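Below is one structure, written out as structure tokens; comments come after it.
The values are calculated or read from the model by the stated rules, or taken from the named source; none is laboratory data. Computed from a prediction, not measured in an experiment: that's the story for all the values here. Cβ sites come from the backbone with ideal geometry, for glycine too, and all protein chains shown count toward neighbours.
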Amino acid sequence: MRIFKYWKQHTKVLFIDGTQQPSTAYGGSNLSESDALQDAEFKLMKAQQIINGELYKDTDYEADIMEEIIDTIDENNIITRNRYGALVLNSKNLMFIDIDDYFKSFTDLFFRSKLSQKELMLRKIEKTASKSAFKHLGFRVYETHKGYRVLVTNKDFDARSWESKSMMKNFNADYLYRWLCIKQNCYRARLTPKPHRIKQKRIKVIFPDRTTLQQQELTNWLNDYDQKSQDYSSCHLVKEIGNVRMNDAIEYHDRVTNIKWPSPLA
């Protein structure tokens, strides 16, 4: 996953069909700003080579996660703040499965009509987790505002692997979430509430290159947001299935999301 301490912008004139076109890219590095600048220069050089037909566009490229690093659990688990101000756990190999919908079958419509959407979703999760292919795994199942978050606790996964894609499909993971896991080569879990769900005014978090005024606006916003967030949870632990194991990243997730009932979900 491409999450970096330093980000640097670089602009260069590219030649497109004989026309000069100024183009800008951000480069990232954990070493220094100068190293980040080299990364930006390399991106623009590749862009020109693709335009010239010297390189094919890499459809499997790893997308940058250009968000401010707030905390680091370890090298594979990093906390960032996203564009609307919430904290996010980015994990290289700790699989989070985001499930926001349930497509009712013929059986559901006629024989399970009394069950709510979330009850049907939970039944589907339990049934999938009990499959022979997954019986060796340990799951923690959390309820979210819209659906469920399933965490696989006792095995590492590569977000781009066939095994990961297959599990996501089996558990009916949100399609956009699946796509982002592949593009960003990691799993992501929001830790703090969505602002509008706690009646907090919206903000666009500028990063990098935040001005002094933008920093003050963000600081003031965060003081209010953090205070309101204390009364809410991002998810509630519903149940554990199979051979569950805990680690520092899971404990951090549970603490910051405030998994204890009865705080309202946001």
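A compact table of results
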read-out: Of the criteria (1) buried (at least 18 other Cβ atoms within 10 Å of the Cβ); (2) of a type outside the set (K, R); (3) more than 14 Å from the chain's Cα centre (by Cα), which one I65 fails; value: (3)
read-out: Any chance L222 is in the same structural domain as T72 (by TED's automatic domain parsing) and either surrounded by 17 or more Cβ atoms within 10 Å (Cβ to Cβ) or touching a strand residue (DSSP E or B) at 6+ places or on another chain (Cβ under 6 Å) (or both); value: no
read-out: Only listed residue being in contact with a helix residue (DSSP H, G or I) (Cβ under 7 Å, 6 or more places away or on another chain), farther than 30 Å from D209 by Cβ and modelled with pLDDT of 95 or more, chosen from R178, R112, R149; value: R178
read-out: Residue that is among the small types (G, A, S) and touching a Lys or Arg at 6+ places or on another chain (Cβ under 9 Å), where the choices are A266, A249; value: A266
read-out: Residue pairs meeting the criteria (Cβ under 8 Å; at least 6 apart or on separate chains; first of a type outside the set (S, T, N, Q), in the stretch 29-58; second part of a helix (DSSP H, G or I)); value: L55/K46; L55/Q49; Y56/I50; K57/I50
read-out: Failed condition for L213, given (1) farther than 24 Å from H145 by Cα; (2) touching a Ser or Thr at 6+ places or on another chain (Cβ under 7 Å); (3) of a type in the set (A, V, I, L, M, F, W, C); value: (2)
read-out: Residues that are among the small types (G, A, S) and either within 30 Å of K124 (Cβ to Cβ) or free of Cβ contacts under 8 Å to residues at least 24 places away in the same chain (or both), drawn from the stretch 75-102; value: A86, S91
read-out: Filter result for T72 (in the same structural domain as S233 (by TED's automatic domain parsing), of a type in the set (V, I, T) and without any contact (Cβ under 8 Å) to a residue 40 or more places away in the chain); value: yes
read-out: Search result, residues across the stretch 128-167 that are acidic (D, E) and either under 30 Å from P264 (Cα atoms) or not assigned by TED's automatic domain parsing to the domain that holds H236 (or both); value: E143
read-out: Hits in the stretch 216-266 - residues which are within 13 Å of R149 (Cβ to Cβ) and not acidic (D, E); value: S233, S234, C235, H236, L237, V238, K239, I250, H253, T257, I259, L265
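Every residue, every condition in (1) touching a Cys at 6+ places or on another chain (Cβ under 8 Å); (2) of a type in the set (S, T, Y); (3) within 20 Å of I3 (Cα to Cα); (4) in a helix (DSSP H, G or I), yes or no:
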| residue | (1), (2), (3), (4) |
| --- | --- |
| R178 | no, no, yes, yes |
| R188 | yes, no, yes, no |
| P193 | no, no, no, no |
| R197 | no, no, no, yes |
| F207 | no, no, yes, no |
| N223 | no, no, no, yes |
| K228 | no, no, no, yes |
| L237 | no, no, no, no |
